[in-house]
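The structure under discussion appears below in the form of structure tokens.
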Amino acid sequence: MQFTRLRLNGFKSFVDPTDLVIARGLTGVVGPNGCGKSNLLEALRWVMGENRPTAMRGAGMEDVIFAGAATRPARNYAEVSLSVDNTDRLAPAGFNDTDMIEVVRRITRDAGSAYKCNTRDVRARDVQMLFADASTGSHSPALVRQGQISELINAKPKSRRRVLEEAAGISGLYQRRHEAELK
Ligand code: ATP
Ligand code: MG
């Protein structure tokens with residue numbers, strides 16, 4: 001599975017619709033301090049089902065909605081959409097019938113988050129599972145926050161183990177086992 005496109009609308013500083021094409025290979029995002037580079041990474045984490053506001057550097061999840069600026073009023077919702085190339089058919093059953101998967105998450109003030117996958121309503125858990133099985137997701141060690149490298153150096157063995165499990169490609173299995181235990 002390959003991410004091909006990230007679209008933002010009203011997410012943090014990205015008040016105007018923004019379309020980021022992710023080509024194969026390396027994509028670099030450069031810009032001055034405060035231009036929104038970290039917000040982009042947070043949008044990626046968020047659309048994959050992140051539900052801890054602290055991971056978004058906020059106090060509550062609605063803090064991801066554009067909060068307004070001197071010349072622009074605040075927005076009422078934020079939406080992020082992630083397109084994934086699934087021509088290799090690596091997505092789990094239930095998601096695996098199309099070449100392209102588009103996951104959309106929208107949060108509306110006082111109404112919480114809703115997810116769609118190829119225009120079909122899905123649960124947060126379905127989206128988290130989709131990405132966990134592909135060895136990615138909002139908790140993936142492949143997403144490295146600012147300052148996280150120094151945290152990793154000082155990490156306890158248990159958190160280091162998670163990085164190794166991710167590298168071994170078995171982290172999706174944990175989530176599947178957790179799912180099975182809940183049923
Ligand atoms: P640095 O190079 O310092 O790491 P950066 O490019 O990573 O900077 P970000 O941290 O992504 O920048 O962006 C911070 C900007 O996003 C700040 O100007 C902040 O005001 C703005 N911002 C964050 N949340 C919101 C929000 N809900 N509404 C409007 N603006 C927001
Ligand atoms: Mg940053």
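Read-outs: derived from the displayed coordinates by stated rules, not from any lab. This is a predicted model, so every value here is computed, not measured. Reconstructed Cβ throughout: ideal geometry from the backbone, glycine too, with neighbour counts over all protein chains shown.
I'd like to verify a number: residues in region 32-67 that are within 14 Å of ligand 2 (Cβ to nearest atom) and either in contact with a Gly (Cβ under 9 Å, 6 or more places away or on another chain) or free of Cβ contacts under 8 Å to residues at least 60 places away in the same chain (or both), how many? Of the residues in that region, 13 qualify.
Restricting the search to region 1-55, which residues are among the hydroxyl-bearing types (Ser, Thr, Tyr), within 14 Å of ligand 1 (Cβ to nearest atom) and surrounded by 14 or more Cβ atoms within 10 Å (Cβ to Cβ)? Selection gives Ser13, Thr18, Ser38. When Leu82 is tested against the conditions (1) closer than 22 Å to Arg125 by Cα; (2) within 16 Å of ligand 2 (Cβ to nearest atom); (3) touching a Leu at 6+ places or on another chain (Cβ under 8 Å), the lone failure is (2). Selection of first residues in region 1-25 that are over 20 Å from Met61 (Cα atoms) and of second residues that are part of a strand (DSSP E or B) and within 12 Å of ligand 1 (Cβ to nearest atom), restricted to Cβ pairs under 6 Å at least 6 apart or on distinct chains, gives the following pairs, ordered by first then second residue: Thr18/Leu8. State which residue is farthest from the chain's Cα centre (by Cα) when the search covers only region 33-47 and only residues that are in a helix (DSSP H, G or I) and either within 13 Å of Val144 (Cβ to Cβ) or polar (S, T, N, Q) (or both). Among those that are in a helix (DSSP H, G or I) and either within 13 Å of Val144 (Cβ to Cβ) or polar (S, T, N, Q) (or both), it is Lys37. On inspection, Val29 passes the criterion of being within 16 Å of ligand 2 (Cβ to nearest atom), free of Cβ contacts under 8 Å to residues at least 12 places away in the same chain and touching a helix residue (DSSP H, G or I) at 6+ places or on another chain (Cβ under 9 Å).
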